[in-house]
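Report on the following structure.
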Amino acid sequence: MSLNNLAILLKQQRRLDEAEAMHRRALAMRETLFGPSHVDVASSLHGLAIVHYMQGRFDAAEVMHRRALAMREELLGPSHVDIALSLNNLANVLYDQRRFDEAEP
């Protein structure tokens, strides 16, 4: 089982500290293997952002979502489904911080 899949499983079990650690390991490995700008790195950032969101760490979640979104826009183009996913999750973070104007498209 990959580190990313294990992190997702831990997240589903609400073992958030363990999920965060696993996502961080996966992110570090992917950055080492693929460099700092790769779709798999963006995926790891996205997973880590979701864990931060679930932990109530909205500032950290926002930073990770913005990094993942920027990387995905650069690598995948504006019409890719992962862009919509990143935008939706970033909007949720902003909404929960009552930053409604920023959460709108």
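Every number in this text was worked out from the coordinates using simple rules, so none of it is lab data. Remember, predicted model here, so these are calculated numbers, not experimental data. Every residue, glycine as well, gets a Cβ built from its backbone with ideal geometry; the counts of neighbours run over all protein chains shown.
Residues L69, L76 in ascending order of nearby Cβ atoms (within 10 Å, fewest first): L76, L69. What the Cβ-Cβ distance of R25 and E73 gives, at R0 = 30 Å and to the nearest 0.05, is a FRET efficiency of 0.70. Each Cα pair under 8 Å and six or more residues apart adds its separation to the average, and for the chain the resulting relative contact order is 19 percent. In the chain the longest region clear of trypsin sites (Lys or Arg not before Pro) that are loop-assigned by DSSP and have at most 10 other C-beta atoms within 10 Å covers 15-97. Averaging the Cα positions of each part gives two centres, and for segment 63-105 and segment 1-59 these lie 17 Å apart. For segment 3-103, the Cβ-based charge dipole about the Cα centre amounts to some 280 debye (Lys, Arg positive; Asp, Glu negative; other atoms uncharged). Starting from the Kirkwood radius over alpha-carbon pairs of the chain, derive D by Stokes-Einstein at 37 °C in a medium of 0.692 mPa s and give it in µm² s⁻¹. The Stokes-Einstein estimate is 239 µm²/s.
Couplings for segment 50-65, taken from phi via the Karplus curve 6.51 cos²θ - 1.76 cosθ + 1.60 with θ = phi - 60°, read 5, 4, 4, 4, 5, 7, x, 8, 5, 4, 5, 4, 4, 4, 5, 5 Hz in order; Gly and Pro are left as x.
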